[in-house]
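Nothing in this text is a laboratory measurement; each read-out follows from the coordinates by a stated rule. Quantities reported herein were computed from a predicted structural model and do not represent experimental measurements. With ideal geometry, Cβ positions are generated from the backbone for all residues, glycine too; neighbour counts draw on all protein chains shown.
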Amino acid sequence: MAVYNLTSPLCDNDVEKLRAGDVVKLTGTIYTARDAAHKRLCDMLDNGEKLPFELKGAVIYYVGPSPAPEGRPIGSAGPTTSYRMDTYAPRLHSLGVKATIGKGKRSAEVCEALKEHTGVYFGATGGAGALLSQCIDEAEVIAFDDLGPEAIRKLTVSNFPLLVVNDAHGNELYAKPNYEL
């Protein structure tokens, strides 16, 4: 296990060095999107419309944050279960998304897309949304405001703690025997 400090947007060189079980502290811009937002993004692609953010190098966090308390940019921001986005993730990786963040296992199709397009799936600690929100410096709704907590937000994060669950080489953290932190 290695520890990396990375800054998004990510590039192939950032992702290629990562292995399942590595720890990443991510700084930079990430975007929030859950299943309803993913469907809309893909509908926009189908219609030839401009997307609300650049996919190349993007990191997408599967989260529906709670309202921001006074003085904070965001409320609790824990990961949601990732498999609900598995229908859309391979297409978004093929268009440049470098990483997704969530919790739980990914489908074989997503794992294949990570290998084919040099992507990575990060796990964020479920149940620790209030703690994770402390690493979010800024939050701005940039698309689909009508979706409420599931709107797409642009987040600025500092040292956001992540584990590499699936790497670009076909390795999976959940499949490692006797894994030790």
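Across the chain, the mean sequence separation of Cα contacts (distance under 8 Å, 6 or more residues apart), normalised by length, yields a relative contact order of 30 percent. The range 110-181 and the range 6-47 have Cα centres spaced 7 Å apart. Available extension along the chain between N5 and A175 is 58.8 nm, counting 0.36 nm per residue and deducting the alpha carbon span. Here the simple spin-label model places points 7 Å from the Cα toward Cβ, and for E54 and T27 these points are separated by 2.0 nm. Going by neighbour counts of Cβ atoms within 10 Å, the residues V141, V24 line up, fewest first, as V141, V24. For the chain, the antiparallel share of DSSP beta bridges with both residues in that region comes to about 55%.
For the chain, modelled as a GNM with alpha-carbon contacts under 10 angstrom, which of G102, G126, G48 fluctuates the most? Greatest mean-square fluctuation among the candidates belongs to G48. From the coordinates of this entry, semi-axes √(5λ) of the Cα gyration tensor in Å is computed, and it appears in [x] 34, 17, 14; [y] 23, 20, 14; [z] 26, 20, 16 under the label [y]. Under 17 Å of direct C-alpha separation, and excluding same-chain neighbours fewer than eight residues apart, K115 reaches these lysines: K17, K56, K98, K105. Using only the C-alpha atoms, the convex hull of the range 90-167 corresponds to 114 Å³ per residue.
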